[in-house]
Amino acid sequence: MTTESFEIKAYPEMWKDLGMDVERFDKMRLMLGEIFRKTYLSQKNRPLKMAYFDAMVAEIHGGRIKELLAAKAEGHPVIGTFCVYIPEEVVLAAGGVCVGLCGGSQGSIPDAEKILPRNICPMVKSAFGFKAGKICPYFQAVDFVYGETTCDAKKKCWEILDTMVPTYVMEIPQMKKQSDRTMWLHEVKEFKAKVEEIAGTTITVDTMNAAVKVMNGKRRALQRLNSLRHANPTPISGKDVLLVEQIAFYDEPIRFAAKVNELCDELEQRIARGEAVPSKDATRIMVAGVPMALPNWKLHNLVEGAGAVIVNEESCIGTRYYKDLMAEDGADMESILTELTKRYMNIDCSCFTPNDERMAQVVKEFRESKADGIIHYSLQFCHTYNIEEIRIRETCAKEGIPYMFIESDYSPEDVGQIQTRVEAFLEQIRG
Ligand code: BJ8
């Protein structure tokens with residue numbers, strides 16, 4: 001696929017059947033295609049195996065939606081989620097399909113602001129706006145959505161979202177005491193019961209063990225990709241890895257893992273040849289903080305546009321999603337669910353207090369990725385990440401890690417200002 005021939009495919013008939021605002025959505029499709037061409041296809045020396053992920057973008061509003069609709073037609077529930085705390089293993093074990101519905105686009109925010117307050121996190125507004133404006137085929141295709149009680153913006157939005165699409169909510173503990181762990185196990189059991197009820201099936205030890213293997217396989221492939229990009233020089237751009245990580249949230253997991261592994265095979269060959277992206281002496285940056293939902297490529301584009309390369313995402317689009325696996329081949333449902341709750345309780349989201357594990361994890365990932373500096377990225381009005389930034393900053397100061405904090409949203413208005421700050425930060429690192 002050449003830069004000129006790339007387009008995000010249109011499926012107006014299917015969109016109409018899904019009850020979407022077709023005319024408006026088609027304009028968004030064209031804009032996304034244009035941004036993708038400029039941001040991604042203009043890169044030099046991309047791995048050939050990125051072709052699959054480019055094709056996933058070309059079919060983002062069609063091919064994958066058709067697969068979801070086919071799964072539904074065969075009686076498999078399609079469940080939308082917004083947080084890596086929702087246990088995908090349980091959905092897979094019930095024969096269901098999980099899709100991440102987080103919003104990373106400015107285009108849907110005006111739809112949300114007609115209903116929600118303006119001064120809340122853009123990720124929440126973007127996701128909500130996609131449903132309110134009927135401009136997301138994934139939102140239209142899901143049978144129901146599962147929210148969670150991580151942050152205040154999300155948990156109060158679910159009440160409003162429920163008037164548009166059936167919305168269930170899972171309570172996520174805010175601390176990690178034994179009583180919180182007990183409560184979380186109870187929540188996971190309730191989640192399982194709800195998924196079974198909707199899927200009209202009973203999850204067995206065998207189906208659960210099989211689902212755990214699928215998810216472990218997917219997470220292992222992402223771990224492998226992340227450790228290969230840690231090579232110095234790095235064989236792949238941060239933008240490309242971010243795209244793969246974003247596609248992880250809507251692709252079919254077995255196929256996705258196979259394609260990530262094919263990409264990794266190519267990266268191993270590049271490393272052996274000493275091939276560098278973008279150049280051998282590029283400054284290496286690790287990004288930490290809030291996840292970047294598709295198509296939020298703003299920070300990566302600015303950092304890599306300034307000649308640096310991003311070598312790690314310590315966030316839920318990155319390592320927080322795949323750093324932990326689960327024990328396989330559990331003997332009975334109780335022990336499998338206990339293992340599952342343990343795995344998920346390792347996710348060090350800033351919604352927890354205290355969250356000391358995250359400080360240690362940030363330093364660990366900085367060292368492993370051989371980064372030269374950390375940019376902590378947060379979204380406007382995200383209180384938990386914006387406040388936790390203080391502790392990350394102090395940790396970096398103590399460890400002697402060059403550090404910068406960026407708080408942004410999805411609008412293009414602060415691009416110039418962030419660019420200036422990123423360039424100054426890179427200068428400071430380079431000395
Ligand atoms: S486990 S990070 S995916 S909640 S940025 S919506 S916290 S106001 S994204 Fe997250 Fe789950 Fe935590 Fe991960 Fe709220 Fe903050 Fe917005 Fe956020």
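Readers should treat all values here as calculations from the given coordinates under stated rules, not as data from a laboratory. Here the structure is a predicted model, which is why all the values come from computation and not from measurement. So basically every Cβ, Gly included, is an ideal-geometry build from the backbone, and we count neighbours across all protein chains shown.
For a footprinting-style exposure proxy, rank 194, 16 by other Cβ within 10 Å, fewest first. Walk me through the intermediate numbers first.
Numbers: 194 17, 16 11.
Final ranking by Cβ density, sparse to dense: 16, 194.
Which pairs break 20 Å Cα to Cα here: 134/239; 16/72; 155/323; 38/298? Mind dumping the intermediate values first?
Numbers: 134/239 29 Å; 16/72 18 Å; 155/323 26 Å; 38/298 12 Å.
Correct reply: 134/239; 155/323.
If you count, for each residue, the other Cβ atoms within 10 Å and average over each peptide, how do 111-122, 307-318 line up from highest to lowest?
Top of the packing list down: 307-318, 111-122.
At a Förster distance of 25 Å, what's the computed FRET efficiency of residue 174 paired with residue 394, Cβ-Cβ distance as r, to 0.05?
For residue 174 and residue 394, the calculated efficiency is 0.70.
How many Å³ per residue does the convex hull of the Cα positions in the range 15-111 occupy?
Values: hull volume 13.3 nm³, N = 97.
Taking the convex hull of the Cα positions in the range 15-111, it is 137 Å³ per residue.
In the calculated pair distance distribution of the range 277-386, what percentage of Cα-Cα distances lie above 24 Å?
35
Projected onto the charge dipole of the chain (+1 at Lys/Arg Cβ, -1 at Asp/Glu Cβ, origin at the Cα centre), which of 50, 216, 283 gives the Cα projection farthest towards the positive end?
My answer, from the dipole projection, is 283.
Quote the relative contact order of the range 238-385 in percent (integer), defining contacts as alpha-carbon pairs under 8 Å separated by 6+ residues.
31
Take 179, 227 and order them by how many other Cβ atoms sit within 10 Å, fewest up front.
On the way: 179 10, 227 14.
With the fewest neighbours first, 179, 227 line up as 179, 227.
Between the alpha-carbon centers of the range 201-262 and the range 355-385, tell me the distance in whole angstrom.
21
Pairs of Cα atoms under 8 Å, at least six residues apart: use those to get the relative contact order of the chain, whole percent.
16
To the nearest 20 Debye, how big is the dipole of the chain about its Cα centre, given +1 on the beta carbon of each Lys and Arg and -1 on that of each Asp and Glu? Mind dumping the intermediate values first?
Values: 54 positive and 63 negative charges, 146 e Å.
Roughly 700 debye for the chain.
Is the shape of the range 195-267 best called rounded, prolate or oblate, per the rule: a/c under 1.5 gives rounded, else a/b larger than b/c gives prolate, else oblate, with a ≥ b ≥ c the square roots of the Cα gyration tensor eigenvalues?
Numbers: a/c = 3.58, a/b = 2.48, b/c = 1.44.
Prolate, since a/c reaches 1.5 and a/b exceeds b/c.
In nm, what is the difference between 0.36 nm times the number of residues separating residue 420 and residue 206 and their Cα-Cα distance?
Value of the extension gain: 71.6 nm.
Percent relative contact order of the range 1-106, based on C-alpha pairs within less than 8 angstrom and at least six residues apart?
In percent, rounded to a whole number, it is 24.
Near the amide H of residue 174, under 5 Å away, which other amide H atoms are found, from residues 5 or more places off or on another chain, if H is placed in the peptide plane?
none
I'd like to verify something in the chain: which complete DSSP H helices, judged by Cα projection on the helix axis, reach 24 Å or more and average at least -0.5 on the Kyte-Doolittle scale? It would help to have the intermediate numbers written out before the result.
Numbers: long enough: 178-199 (31 Å, -0.81); 205-229 (36 Å, -0.48); 253-273 (30 Å, -0.40); 383-399 (25 Å, -1.09).
Those that clear 24 Å and a mean of -0.5 are 205-229, 253-273.
For the charge dipole of the range 4-100, defined by +1 on Lys and Arg C-beta atoms and -1 on Asp and Glu C-beta atoms about the Cα centroid, which residue among 85, 36, 25 has the Cα displaced farthest towards the positive pole?
Result: 36, furthest along the dipole toward the positive end.
Pull out a ≥ b ≥ c, the square roots of the eigenvalues of the alpha-carbon gyration tensor of the chain, then state rounded if a/c is under 1.5, prolate if not and a/b is larger than b/c, and oblate in the remaining case.
It comes out rounded by the Cα gyration axes.
For 408, 335, 237, 5, what ranking results if the residue with the fewest other Cβ atoms within 10 Å of its Cβ goes first?
Placing the least packed residue first, the sequence is 5, 335, 408, 237.
Let's test the formula: R0 of 56 Å, r as the Cβ-Cβ distance of residue 114 and residue 367. What FRET efficiency results, to the nearest 0.05? Spell out each step's value before the answer.
On the way: r = 46 Å, r/R0 = 0.83.
In this case the efficiency is close to 0.75.
Please label the shape of the range 151-198 as rounded, prolate or oblate, based on the square roots a ≥ b ≥ c of the eigenvalues of the alpha-carbon gyration tensor (a/c under 1.5 means rounded; beyond that, a/b larger than b/c means prolate, else oblate).
Numbers: a/c = 5.52, a/b = 1.32, b/c = 4.18.
Oblate shape, in that a/c is at least 1.5 and b/c is the bigger or equal ratio.
Residue 429 to residue 258: FRET efficiency via 1/(1 + (r/R0)^6), r the Cβ-Cβ distance, R0 51 Å, to the nearest 0.05? The partial results should precede the final answer.
Numbers: r = 37 Å, r/R0 = 0.73.
It comes out at approximately 0.85.
Towards the positive end of the charge dipole of the range 286-431, with charges on Cβ (+1 Lys, Arg; -1 Asp, Glu), say which of 366, 293, 307 has the farthest Cα.
Projecting each Cα onto the dipole axis, the largest value belongs to 307.
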